[in-house]
Amino acid sequence: MKKKRIQKKFSRKSMLLIAVLAVVLTGLAVAGYFYQRGSDAVDAARNEQLEPKPGASQSAEPQPKPKSTEKVPESEEQETQEDPSADEYYRENSETVIEVKDAKESKSVPSEAEVSEIFAERGFGDVRITYDSYIDGEYAGEKEVDKASGERHPMYQGLYASKSGDIWTIFVINGEVFANPVSYNLESELGAQLLFSETKELTSYDDDTNKYYVTIPKESAVIVKVIEKIDAEALDKLTIQEINKYEG
Amino acid sequence: MKDKITRLISTSLSVILALTLAMMSTPLYAYANETAIDPVIVVSLGDSYSSGEGIEPFYGQEKTLVDKVTDEDWLSHRSKKSWPAMLEIPGIEGTLKDYKAGSGTSAPCEWYFKACSGAETKNIKSIAMTKNYRKKYYNGSIFPSSLKGSVDIPAQLSVFDEIGRPADYVTLSIGGNDVGFAEVITICATGSTYLGSKKLEKKIEAIWNEFAVTQENIKTVYNEIQNAAGVQAEIIVAGYPKLLDKEGKGFLISKKEATLVNANVTKFNERLKSIVSECHDAGINIHFVDVEEEFDKDGGHQAYSDVPWINSIIFGSKAEDIDDYAIASSYSVHPNELGAQAYARCVNAKIAEIEMAKNSEGQAEILITDGDVSLEIFTHAEESEDKSGTLPEVIGEVPTEDSLSEDETSENDQDDSEPDSAEAQETLEESLSEQNRQD
């Protein structure tokens, strides 16, 4: 009789044990499955399929040979014609070459501080002024002026946006001021670039020879409009429509 | 009755236990392949030519000004019509635009778009890009007020910390801002040949003098992308198109100047191709996509051409420029919508080529067709230097009795007295054995 009772108790306990075990294991298995889903095992299996097999070519495509040799010559590839010398260029494009002078010898070349003053007193105080040549002609790259510097440069320039939104480039070359109406020239149907000057002569700078060329250009090369003073007030009035009407 | 219920419960629980133990022993990746979604991960990095500068709408454009200027997508000018947004991954429906990460939905693909207008190599690797915004707004006055500030866009490779798993594809264009060709073009428009201000040759020469540093930076970027994305990632580097119409633009940009600029873009692309090739030979899964030919079609689609795919120089600002006070719009000299489509065509072709090459590697297929010819066996080509995909080799062919002509029948009879199907079966078994040996 006692034995039977014990056996009954044992089977209930074992049932309970099995039930608990089954629930716990099921829960672990489900949790483990979702964890493993994003695990390294999945990624490792994926990577194993995707890694190139040892000994196989690394290339997944036929590599086109570059057109040029590996060591590209620095200056030979540029498809440009031989440039004329400055003498030849200005002789060909000017009505008159008035003067040619050495930039380094000129007493009229302003310093960085002086050109900042020139810009400021003409209403271009907020313009970022840059230069790209040293006084001996060596190329400097585009550099912004230091308003306190006494260093001189053959040519300066800056971009000015007028009140009407038109863009102008202001040049200071050997102390002379010129202006390029960029927005106007962008839309222009004229055959040559139009420039504003305070005189009918233009001063150009050639960095190869480090010389200034003072010329009266041919109209086929540059159309010159003479204005009393190149300042912000004047340029603000010179909209594209006004330039078209300008007689100067 | 009680005993019966007890036995039933006991049996049920035992079955559950057994099933659980069986499930735990099954290889998990098999279940992963059958039931889980493992999205294709695509990451698009790079500069403005990848972000889609100039092609509205940008992500975040619909926001108010105050929200816009803190939106990374808008500040980076990431366009919904950029070429990365138009890419197609074989087997995935739609384009990448449909799978931009952050949508919160489960999808077969996740696209992380981190290209940023103005980015240089340093902004890919390690240095955040600072975006300075200056926006005009009218607050009930006729005079505009200004909203100014700056936001740092994290270094682009930091996206892989967010993703947390290897990528399948990484696309990018980079290096153009490091060398600064766009500035050269602005000089063409704002300078004066007669006054002597342009100095184009010297500026370009200065770019090449510095190129060794840029080259190393580009190479480092490719290596670091692979380190971050994983060795399996296919890295696609897109080049740049020639920028100017070959005839120039009147006196503004002479033909000679246009030729000079374009020749140097081509030279730059050659250098990029060479760097990619070098990295590829060193074991990186990297590919170069040349877009010049596409942009050169039909007489050319450069800026100032008859049908331009590249914007001309735009002075003044556009409404969505981040700096309303800049002299020129950031949209200048960037591919327009047609240009982005051209880029997408080229890169999609490359992706298709890559996927095709993957599918042709080391797999055997047995194709049984009903009909006149009932059994064909193919093996794919052995891995070789030329992965152009050779034609499959037919090993055995078994015609049905109906398809056999009298001649064929008599021929077969001469060769073997056994039925053809048995011969075919032997051939099939032999070829399978051979294939297994090869594997």
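General remarks:
- Loop chymotrypsin sites (Phe, Trp or Tyr not before Pro), the range B:121-176 (other Cβ atoms within 10 Å of the site Cβ: 12 or fewer; DSSP): B:Tyr138
- Simple spin-label estimate for A:Val97 and A:Lys237 in nanometres, 7 Å along Cα-Cβ: 3.8
- Long pairs among A:Lys218/A:Lys245; B:Lys198/B:Lys255; B:Lys80/B:Lys148; B:Lys68/B:Lys135; A:Lys147/B:Lys202, criterion Cα-Cα beyond 18 Å: A:Lys218/A:Lys245; B:Lys80/B:Lys148; A:Lys147/B:Lys202
- All lysines inside 27 Å of A:Lys13 as judged from Cα atoms, apart from same-chain residues fewer than 8 positions distant: A:Lys2, A:Lys3, A:Lys4, B:Lys2, B:Lys4
- Shape of the range A:96-167, Cα gyration tensor, a/c cut at 1.5: prolate
- Counting Cβ atoms of other protein chains within 10 Å of each residue's Cβ and taking the mean over peptide B:198-208 gives 4.
- Listed values for the range B:293-304 are Karplus-derived 3J(HN,Hα) couplings in whole Hz (6.51 cos²θ - 1.76 cosθ + 1.60, θ = phi - 60°), namely 4, 4, 6, 8, 4, 6, x, x, 10, 7, 4, 6, and x replaces Gly and Pro.
- Under a 5 Å amide H cut-off, with hydrogens placed 1.01 Å from N, B:Asp323 pairs with B:Arg134 among residues at least 5 apart or on other chains.
- FRET efficiency, A:Lys107 to A:Asp136 (Cβ-Cβ, R0 22 Å, nearest 0.05): 0.85
- Sequence-ordered 3J(HN,Hα) estimates for the range B:155-162 from the Karplus curve with 6.51, -1.76 and 1.60 and θ = phi - 60° stand at 3, 5, 5, 5, 4, 5, 5, 5 Hz, glycine and proline given as x.
- Amide H contacts of A:Gln193 (H built 1.01 Å from N, in plane; Pro and chain starts excluded): A:Ile223 sit under 5 Å, all sequence-distant by 5 or more or on other chains.
- Averaged over B:265-274, number of beta-carbon atoms from partner chains that fall within 10 Å: 4
- Close amide H partners of B:Ser330, meaning residues 5 or more places away or on another chain with modelled amide H under 5 Å apart, are B:Lys318.
- Other protein chain Cβ atoms within 10 Å, averaged over every residue that makes up B:183-195: 6
- B:Lys255-B:Glu293 FRET efficiency (beta carbon distance; Förster radius 30 Å; 0.05 resolution): 0.90
- Electrostatic tally near B:Ser329: other residues with Cβ closer than 15 Å to its Cβ, Lys and Arg +1, Asp and Glu -1, net -4.
- Global form of the range A:158-248, assessed from the alpha-carbon gyration tensor, a/c cut-off 1.5: prolate
No value in this document is a laboratory result; all are computed from the given coordinates. Just so it is clear, the model here is predicted, and its values are computed rather than measured. FYI the Cβ positions are ideal-geometry reconstructions off the backbone, even for glycines, and counts take in every protein chain you see.
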